[in-house]
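Values in this text are rule-based calculations from the coordinates and carry no lab data. Since the model is a prediction, treat every value here as computed from it, not as a measurement. Using ideal geometry, Cβ is built from the backbone for each residue, glycine included, and neighbour counts are taken over all protein chains shown.
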Number of protein chains: 2
Amino acid sequence: MFAYIHREIVPVEKAFLHVSDLSIQRGYGIFDFFKVQDGHPYFLDDYLDRFYNSAASMQLEVPHQRDDLKSIIFSLITKNNIAASGVKMILTGGYSADGYQPAEPNLIITQHHLTLPGEDQIKNGVKIITHEFVRDFASAKTINYSTGIWLINKVKENQAVDVLYHQKGIVSEFPRCNFFIVRNDNTVVTPAHQVLRGITRKNILKLAARKYRAEEGVVTLEDIANAKEAFLTSTTKRIVPVVKVNETVIGDGKPGAVSLSLLNDLIALENEDFQSKAN
Amino acid sequence: MFAYIHREIVPVEKAFLHVSDLSIQRGYGIFDFFKVQDGHPYFLDDYLDRFYNSAASMQLEVPHQRDDLKSIIFSLITKNNIAASGVKMILTGGYSADGYQPAEPNLIITQHHLTLPGEDQIKNGVKIITHEFVRDFASAKTINYSTGIWLINKVKENQAVDVLYHQKGIVSEFPRCNFFIVRNDNTVVTPAHQVLRGITRKNILKLAARKYRAEEGVVTLEDIANAKEAFLTSTTKRIVPVVKVNETVIGDGKPGAVSLSLLNDLIALENEDFQSKAN
């Protein structure tokens, strides 16, 4: 596998950063991640928009114009030639002279084999737990996941698959996924504030609006308990039905019709995106 | 200059981490930093206590027992042989297979020439600004400084030297320093909660208690405005008098007698520590 670093494509085994990099010194950096199938990056422009926006929010300059960055991405995925993969772009604060002041950012692009959620997660749904926390710079995709990683063991101990953040009962997001509920009147709702605006989240809002009422709004822990369905979304996971939050069973405890219908619509939208670019 | 990494002492120019390290992937790691003079690390046991505690808080295991770690530190400072320096130990989440799960931690030890605050900062005091923020895992010295670094430009624009965090007017700490006020009755007070317990902070509390009343408690922005003196403390800065917070002048706008007296006491305590170990 090859990676892009220091303006070169090199075997990933040789992709190193000096310890003066501000990601190592101060956890300072942003990133993004998109899916690639047979050389086609899905919804690439949406991911690049977010990548450039995260960089600007954190006062980092991407060292390439958008078209150049696209060329680099296509060179890399052509060279690696994997059927199904994820591509990660990391932009760090650079090699800092004093370990605090940002310098010229380092851009690293890596490609990974993709692991989709198991069939049983779609069929049976998953359990999640909750934790009181709000990310700093919630609208930027920074590399700071201290709380998410710190909670990995707690998630496992509770036989859950992920942890949903809330503040005083108002829900926001998972460390790496967005969250939706389906109300009893079939309205599809996702938290509006203190969240990273996921590309899958955006697509689901668009798809849901075609069949149901869809809104960004306030979602409380109580709203979840009263919901008919709940699900999480992410680039790699697409939609995974959530059937239990802590010890509370959602709806009838099974993946719901709206969640599964939206998952099919999302797969269709991905196919559409794949076809449109292939022509 | 030499550094310790991957269980070896190497020229710092050769100190690299693979991009799969969890500090680069997810900003996950802890660190500590102490001062060294002529081969003597000041208050080393206090810093090692905190380093091991931060590691435990963040579920990371330091790959060496305390005595072995001390031996490595002394080998490194002997080899580098600098009169006045700072030593930084970073412990990261290690080379993660999936970019999220912690692995075997990487330990990096680097040594740096020391920059003390300028004479004019002690003579005239400094201006600081304030910002509403609380660090995650405030009692652990994690590498997450996103907010502090993001505020660097704001600090400069305001002709300030640092930014003091508060939450709803209750003050905690600077990104890299602790904060003290001196009340009109000469009580020396430092915020008790949501702070990193600095070694200099601890020493100042001890020294202040010999001459004045000293306490850890609640400090509000209003308390600062009404204080006679204010100062910041850190390993490298020792004590720097604060004479202006945003546009509010503290006391008579000059470094106060209590602050300067405690600075002298701290220098004396450092000398004592230096002598005791030299024997």
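For this structure, a couple of remarks:
- Remark: mean inter-chain Cβ contacts per residue of B:96-103 equal 3, using a 10 Å Cβ-Cβ cutoff to other protein chain atoms.
- Bins of 10 Å, starting at 0 and running to the largest distance - Cα pair percent for chain A: 6, 27, 33, 23, 9, 1
- Other-copy label distances relative to residue B:121, 7 angstrom Cα-Cβ extension, nm: 4.8
- Average beta-carbon neighbours from other chains, 10 Å sphere, peptide B:139-151: 6
- Based on the reciprocal of the average 1/r between different C-alpha atoms, the Kirkwood radius for the protein assembly as shown equals 25.5 Å.
- Mean Cα-pair separation over length for region B:131-195, i.e. relative contact order, pairs under 8 Å, 6 or more apart, %: 32 percent
- Residues of region A:118-160 with amide N under 17 Å of a point placed 7 Å along Cα→Cβ from residue A:248: A:126-133
- Label-point gap, in nm, between residue A:154 and residue B:101 - each point 7 angstrom along Cα→Cβ: 2.1 nm
- Model label zone, residue B:274; criterion: amide N under 18 Å from point 7 Å along Cα-to-beta-carbon; scope region B:19-39: B:34-39
- Relative contact order of region B:2-113, pairs being alpha-carbon contacts under 8 Å that are 6 or more residues apart, as %: 39 percent
- With 23 Å as the limit on Cα-Cα distance, the pairs of B:211/B:254; B:14/B:154; B:141/B:228; B:206/B:237; B:141/B:211 that go past it are B:14/B:154; B:141/B:228; B:141/B:211.
- Degrees separating the helix A:44-57 axis from the principal Cα axis of chain A, which is the longest one: 70 degrees
- Backbone N atoms of region B:121-146 closer than 18 Å to the 7 Å Cα→Cβ label point of residue A:168 belong to residues B:132-134.
- Here the contact order of region A:97-218, divided by its residue count and restricted to Cα pairs under 8 Å and six or more residues apart, works out to 20 percent.
- For a straight C-alpha distance cut-off of 20 angstrom, the aspartates and glutamates reachable from residue B:127 (same-chain residues fewer than eight places away being disregarded) are B:119, B:157, B:162, B:173, B:222, B:223, B:229, B:247, B:252.
- Net charge dipole size for region A:2-113 [Lys, Arg +1 and Asp, Glu -1 on Cβ; Debye, nearest 20]: 220 debye
- Kirkwood Rh (inverse of mean 1/r, distinct Cα pairs), region A:58-144, angstrom: 16.6 Å
- The residue list A:80, A:186, A:133 was ranked by how far each Cα lies along the charge dipole of region A:39-192 toward its positive end, using unit charges on Cβ atoms, and A:186 comes out on top.
- Taken about its Cα centre, the protein assembly as shown carries a charge dipole of about 220 debye when Lys and Arg each add +1 at the Cβ and Asp and Glu each add -1 at the Cβ.
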